[in-house]
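In what follows, a structure is listed as structure tokens, so that the remarks can point back to it.
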Amino acid sequence: MCACVVVVPGEALDFDTMVSRLRAEGLATFKLPQRLEVLGSLPTTPSGKIQKHEIVAAIVGAQGT
């Protein structure tokens, strides 16, 4: 599982910080992401829905290079 996040400009997020925060919130260990992708923005449709297929395509394409 991969967590795709958009951070506030000027802020940073690394994998260990994310995992610590999720554990503090009580997320079960088996639900923790194995990877973190920090994106500039989330692709959306005109109605505002997130286009997950575009995120997946971008991540898979980035792994191939």
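For the reader, a short list of remarks on this structure follows.
- Selection of segment 1-38 for residues being closer than 23 Å to His53 by Cβ and of a type in the set (Ser, Thr, Tyr) yields an empty set.
- Neighbours by Cβ (under 8 Å, 6+ apart or cross-chain): first from segment 5-30, loosely packed, with under 10 Cβ neighbours inside 10 Å; second of a type in the set (Lys, Arg) and outside any strand (DSSP E or B): Thr29/Arg23
- Members of segment 15-50 that are of a type in the set (Asp, Glu) and either assigned to a helix (DSSP H, G or I) or in contact with a strand residue (DSSP E or B) (Cβ under 8 Å, 6 or more places away or on another chain) (or both): Asp16, Glu37
- Output for segment 51-65, where each listed residue is assigned to a helix (DSSP H, G or I), at pLDDT below 90 and either loosely packed, with under 12 Cβ neighbours inside 10 Å or not hydrophobic (A, V, I, L, M, F, W, C) (or both): Val60, Gly61, Ala62, Gln63
- Only listed residue being free of Cβ contacts under 8 Å to residues at least 24 places away in the same chain and among the polar types (S, T, N, Q), chosen from Gln63, Gln34: Gln63
The values are calculated or read from the model by the stated rules, or taken from the named source; none is laboratory data. Treat the numbers as computed from the prediction; the structure is a model and nothing was measured. Note that we place each Cβ from the backbone using ideal geometry, even for glycine, and neighbour counts take in every protein chain shown.
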